[in-house]
1. Counting only residues that are more than 7 Å from chain B (Cβ to nearest Cβ) and touching a helix residue (DSSP H, G or I) at 6+ places or on another chain (Cβ under 6 Å), how many does segment A:73-82 have?
2. Would you pick out the residues in segment B:211-226 that are closer than 21 Å to A:Cys271 by Cβ and open to solvent by less than 100 Å² (accessible area, probe 1.4 Å)?
3. Please name all residue pairs, on different chains or six or more residues apart, with Cβ atoms under 9 Å, provided the first residue is in segment A:254-275 and is under 13 Å from A:Arg242 (Cα atoms) and away from every other protein chain (no Cβ under 14 Å) and the second residue is among the polar types (S, T, N, Q) and open to solvent by less than 10 Å² (accessible area, probe 1.4 Å).
4. Select from segment B:88-132 the residues that are open to solvent by less than 20 Å² (accessible area, probe 1.4 Å) and of a type in the set (Ser, Thr, Tyr) and list them in ascending order.
5. Out of (1) open to solvent by 10 Å² or more (accessible area, probe 1.4 Å); (2) within 11 Å of chain B (Cβ to nearest Cβ); (3) aliphatic (A, V, I, L, M), what's the single condition that is false for A:Ala342?
6. Which one is farthest from the other protein chains (Cβ to nearest Cβ), of the residues in segment A:326-336 that are outside any loop (DSSP other than H, G, I, E, B) and buried (at least 19 other Cβ atoms within 10 Å of the Cβ)?
7. Just to be sure I understand, how many residues within segment B:223-250 are at pLDDT 85 or above and out of contact with any Cys (no Cβ under 7 Å at 6 or more places or on another chain)?
Amino acid sequence: MLVQALESRLYADEEPSTSTWVQENFVVGEVIGHGTFGRVYTVECRRKPGQLYAMKELVRSSHPKYIEMELRILQNLGGTCNIMQMHAAEREKDRIFVIMDHFPHDSLKDIIDGISTDEILDYMKNLFIALQYLHKNGIIHRDIKPANFLYHRKSKRFALIDFGLSQEYKELSHCKENSAFLSPSSRRAALKRLPQINDDYSAGDVKRWRGRCQCFGKPSICDACQAKPNKNVNKAGTPGFRAPEILMRLDRQTPVLDVWSAGITMLSLLCRKHPLFRPVDDCEALKQIAQVLGSKTLEELATDEGFHLDIKPACPGIDLVKLMKSLRPGLQALSQFNKLCANCSKFIYDNAKTAYCICATSQEDSLNGLQNTERHALEVLRRCLMVNPNSRYTSQMVLSLLS
Amino acid sequence: MLPVERTKVRRRPVQSSVGPSTSSSLFNRRDSTGHVTLLSLHGKDFVLDIENGRVLLQLTTEIEKLGGRIVNEVNEEKKPWCLVSDSPHMAKIEQLKPEKITPPLLRILPMLVRDAIRLRVRYRSTESFTRSLENLKKNIKTQKKAMTTPTKAKAESNAVASTPKSGPINLQQPYLKLEDNRGAFTPLYKQFTPQANCQKIYLGKHMGRSLFHKNHHPDAPRTEKSPIEKTRLALQPKGGFCEICCKKFENSKEHFASREHTLNVNQPGLWSSVDKLTGSWLDYVSSSNPPRTRRHRPSPPSPSDYRHSL
């Protein structure tokens, strides 16, 4: 710990101890977490020795608007329903310090190997208690992932953290009303290292472009289409956890986008592999979803929302039960299913000779062969990973399914 | 792929390249005809006049690994490409042009070096040759990396440049294209390269960073960063985007200290909404805001007690 403190002094660009408020109240310890949001340190109270807290120093480039949202959520909703409690917050010029509970937790890497299905269901139930509470209060978290849901295995305590990307959601609001809220999000997106392009265009431009496109439904992009502006929506979140409606840049983003991220978390846990998806961009993310859940459902969602999605060659999707069973042990776990498939022989690495099949067509049979708990877990998973946000379960519905 | 280009400017007569070059790079990327070639020592002969057995063995293996050949003498019919010698005078000699080497100096040199000077063959000391070899190896590595890097999505690079390319872009399978029926926006599209991590899944020991990433070293144990290394990384200044200044920055430390940022964060009223929310709920933690006694928090959730607190 001493060495670490020394190291941090050597390389630090801005230490919390340079703040008079921090200096006056706390003894700063090691860094326990860092990311685009800022850094989290362990701190000890000067006036109450032995009392530990976690102190988050927000990155100094954050806009006050987002800081306000984060503080408001912590203040109004924190401390109940598995949401992290805030004890103090202080601003010193552009530096914001938030004092929260010191929450000892297990890293997912340490527990993922031996986690049982019952424990996964318990984890998900607690995650959905927090989500249901947030959604009921009109908040979308936008960054649900295991790193933001702390879990202490021994005491069975949970805490949802990091509301830096959260947004308010109004039931009746349409994209027009929301646009004031959405446009600065492209700035937020830049912070998360995402491409951001201005989409200022007039109604006249739309009319001009509409008639001239020569590539609709074809595997090419015509000149007219290349000159059009990019569609921009709030894409804040972690790439591998983004819901299809965000990836397709649909206008209507509802709280169920958190349910999708929770579903991806659950799939990771059930497969005992984290992270499962690591796409480099939105196209790759869509393709990966198509590979796992089938391209047909994605194409249907696009059609429903006034889009046309073309994924060639088409993907049949994966039998999630078989994926779960074979991901960690390897290919030989599929040998018991004794079905050969030309498509899967190419799709799965090192499967050219054995040609074991993992196509989604066998999913119903595989589900029937499962134990009750596992079948229940898969049922919950399927409701969370509905590609169409309108048929995806809300957090309230998933919670009642889990209780 | 590396572009194969012919440049008139850089083309040199064959003779001049034979003399000792004063350039720091011994191995040029262009051959005598001016073509850009893949870096290697293929087709090149070397004479090693080295007494130290260990160094001799090391250089021999390295040259042969890169495609070069070791010959024993400086032959007039088939001139070697370079002579490497560990003679103590080499450091001085290699700085001089052959014409400048005086007969008394020539006399104290080993025979092979004298031959090399006479036949205008390149000559290098062991130290400078090892340095050049290291540089060559580094360049080969970069070159290989550049050739295997997957290309970036065209949609994004086009959009940033915002200049339409002439002629339609044709997509080859496998590809993805998402277009809106209204035709108001540019389609989202990508043609996947064989290197793209979405074509194959990897199970068991073959699985790498994700389901779609290959583990290139399935039997090697995973290396993890030490906590000290993690802390060091966490505290290093980073690049990013300042939402207050609406500006990209390369170095966070510099940007936050800049006059522009200092002026922007001192705008009156900018922090008023944040200041309303700061304070302390702990007796033993002071606050610049008046102490708060009551927490503005709705009671725990129950359907009957639902209110929009935000």
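The values are calculated or read from the model by the stated rules, or taken from the named source; none is laboratory data. A quick note: this is a predicted structure, and the numbers were derived from the prediction, not measured. A quick note on method: Cβ atoms are made from the backbone with ideal geometry, for glycine too, and the neighbour counts reach across all protein chains shown. Ligands, DNA and RNA are stripped out before the accessible areas are found, and what is left, the full protein with its side chains, is counted by its heavy atoms. Shrake-Rupley method; radii C 1.70, N 1.55, O 1.52, S 1.80 Å.
1. 1
2. B:Leu211, B:Phe212, B:His213, B:Lys214, B:Asn215, B:Pro218, listed by residue number.
3. Every condition considered, the pairs that remain are A:Val256/A:Ser395; A:Asp258/A:Ser395; A:Val259/A:Ser395; A:Ala262/A:Ser395.
4. Those that are open to solvent by less than 20 Å² (accessible area, probe 1.4 Å) and of a type in the set (Ser, Thr, Tyr): B:Tyr123, B:Ser125, B:Thr126, B:Ser128, B:Ser132.
5. Among (1) open to solvent by 10 Å² or more (accessible area, probe 1.4 Å); (2) within 11 Å of chain B (Cβ to nearest Cβ); (3) aliphatic (A, V, I, L, M), the lone unmet condition for A:Ala342 is (2).
6. So the first thing to find is which residues in segment A:326-336 are outside any loop (DSSP other than H, G, I, E, B), and the list is A:326, A:331-336.
Filter once more, keeping what is buried (at least 19 other Cβ atoms within 10 Å of the Cβ): A:326, A:331, A:334.
Values: A:Ser326: 5, A:Leu331: 5, A:Leu334: 8 Å.
Step by step, filter segment A:326-336, then rank; the result is A:Leu334.
7. As a first pass, look at segment B:223-250 and keep what is at pLDDT 85 or above: B:241-250.
Going one step further and asking which of them are out of contact with any Cys (no Cβ under 7 Å at 6 or more places or on another chain), we end up with B:241-248, B:250.
So the answer is 9.
Let's see how each residue does on (1) under 30 Å from B:Asn289 (Cα atoms); (2) more than 11 Å from chain B (Cβ to nearest Cβ); (3) modelled with pLDDT of 95 or more; (4) open to solvent by 30 Å² or more (accessible area, probe 1.4 Å):
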| residue | (1), (2), (3), (4) |
| --- | --- |
| A:Met84 | yes, yes, no, no |
| A:Ala88 | yes, no, no, no |
| A:Val98 | yes, no, no, no |
| A:Asn137 | yes, no, no, no |
| A:His174 | no, yes, no, yes |
